[in-house]
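Below is one structure, written out as structure tokens; comments come after it.
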Amino acid sequence: MKRNHDKIAIYEQSDFEGMRKAGRLAAEVLDYITDYVEPGVSTEYLDNLCNEYILAHGGISACINYHGYPKYTCISANHVICHGIPSAEQKLADGDIINIDVTVIVDGWFGDTSRMYYVGKPKIKAARLCDVTYECMMRGIDVVKPGAHFGDIGAVIEEYAHKYGYSVVDMFCGHGVGKVFHDNPNVMHCGRKGTGPMIEEGMIFTIEPMINIGRKDGLILANGWTAVTRDKSLSAQFEHSLGVTKDGAEVFTYSPKGLDRPPYKK
Ligand code: MF3
Ligand code: CO
Ligand code: CO
């Protein structure tokens with residue numbers, strides 16, 4: 001692996017095979033957990049199920065012990081922006097929306113992906129936020145190709161979110177991924193077209209917009225991890241890991257079962 005002038009890693013086509021495996025396992029975890037998301041279960045229960053699936057399929061969680069992080073996944077409900085820490089006390093309730101964020105390591109490669117889930121029946125406003133957030137991520141992915149700029153990603157995401165009156169969180173970014181969890185560049189989810197480093201074939205990174213119904217501002221809880229919206233408004237997020245190809249992007253974390261976004265039919 002080389003690095004370009006912006007210190008962004010450039011991977012070989014042969015490296016993409018490693019990312020395909022890691023990305024696929026991370027996506028399979030999110031597929032597997034779908035049926036277990038229901039009112040009454042604790043987020044710790046879901047976290048443990050994810051970990052068992054990861055271990056049974058040749059991976060390990062990248063999250064546990066990462067800078068002291070205490071659990072295997074992040075599970076962020078309602079007004080939690082990201083890095084919700086699963087706990088036995090937190091029981092899901094009908095109408096909650098949650099993000100489950102899974103990062104696995106397979107043969108040294110990191111696959112990082114997250115989706116929203118409905119607990120029972122979502123409120124119309126919550127479902128619309130999830131729909132728009134998914135669309136934001138996909139629009140970001142759609143502009144990725146050699147010669148585009150990282151600012152182009154943020155520009156299309158911001159434009160689409162603002163159309164619905166939503167705000168884009170700017171205190172967390174997507175990131176380079178591959179042989180390490182969090183690498184250059186920071187992939188901003190807002191910005192201006194034509195700004196930022198140029199996107200080149202062989203780059204591998206995540207796009208993971210966090211979109212709020214209310215204001216973009218967040219704060220970190222006393223546990224040192226969990227970010228919540230200051231105004232307690234709902235927040236949603238989706239995440240894919242992808243690699244830049246000759247003329248576009250290869251997404252490593254699509255759902256093998258087509259469960260990329262809710263509702264997930266039972
Ligand atoms: N998976 C998150 C991301 O998308 C990072 C979680 S770090 C943890 O980058 F330590 F909180 F797990
Ligand atoms: Co990520
Ligand atoms: Co993630």
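The values are calculated or read from the model by the stated rules, or taken from the named source; none is laboratory data. The structure displayed is predicted, hence computed values, not measured ones. Virtual Cβ from ideal backbone geometry, glycine too; neighbours counted across all protein chains shown. When the accessible area is computed, the model is the full protein with side chains, heavy atoms only, and any ligands, DNA or RNA have been set aside. Shrake-Rupley method; radii C 1.70, N 1.55, O 1.52, S 1.80 Å.
For the reader, a short list of remarks on this structure follows.
- Mean ellipticity per residue at 222 nm, deg cm²/dmol - from DSSP H runs of n ≥ 4 across the chain, formula -39500 (n - 2.57): -8500 deg cm²/dmol
- At R0 = 22 Å, FRET efficiency that the Cβ-Cβ distance of Glu52 and Ala88 yields, to 0.05: 0.85
- Ligands, DNA and RNA are left out, and with a 1.4 angstrom probe the accessible area of the range 2-110 is 42 Å² per residue.
- Charge tally around Ile157: other residues with Cβ under 15 Å, Lys/Arg +1 each, Asp/Glu -1 each, net -4.
- Principal semi-axes of the equivalent ellipsoid, √(5λ) from the alpha carbon gyration tensor of the range 1-147, are 29, 20, 13 Å from largest down.
- Expressed in units of 2.2 N^0.38 Å, where N is the residue count, the Cα radius of gyration of the chain is 0.93.
- Annotation: extensible slack from Lys125 through Asp35 equals 30.1 nm (criterion: 0.36 nm per residue apart, minus Cα-Cα distance).
- Rounded to 0.05, the FRET efficiency of the Tyr45 and Asn186 pair, given R0 = 41 Å and the Cβ-Cβ distance, is 0.75.
- The range 1-58 versus the range 169-221: alpha-carbon centroid distance in Å: 18
- Between Met171 and Asp142, residue separation times 0.36 nm minus the direct Cα-Cα distance comes to 8.1 nm.
- Checking the Cα-Cα distances for Lys71/Lys246; Lys125/Lys265; Lys179/Lys232; Lys179/Lys265 against a 28 Å cut-off, the pairs over it are Lys71/Lys246; Lys179/Lys232; Lys179/Lys265.
- The share of alpha-carbon pairs in the range 96-222 lying farther apart than 24 Å comes to 31%.
- Compactness of the range 192-242 - radius of gyration and Dmax, Cα, Å: 14.8, 41
- Under 5 Å between amide hydrogens, built in the peptide plane, is the criterion, and for His189 it picks out Gly174 among residues at least 5 positions away or on other chains.
- Convex hull volume per residue in cubic angstrom - Cα atoms of the range 171-222: 106
- Ranked by the mean number of other Cβ atoms within 10 Å per residue, highest first, peptides 96-105, 42-51, 7-16, 163-172 order as 96-105, 42-51, 163-172, 7-16.
- Modelled this way, with points 7 Å down the Cα-to-C-beta line, the labels at Tyr164 and Asn65 are 3.9 nm from one another.
- Across all Cα pairs in the range 171-266, the calculated P(r) in 5 Å bins from zero up to the longest distance comes to 2, 11, 16, 20, 19, 16, 11, 4, 1 percent per bin.
- Within the accessible area of the range 89-200 (1.4 Å probe), percent carbon and sulfur: 51
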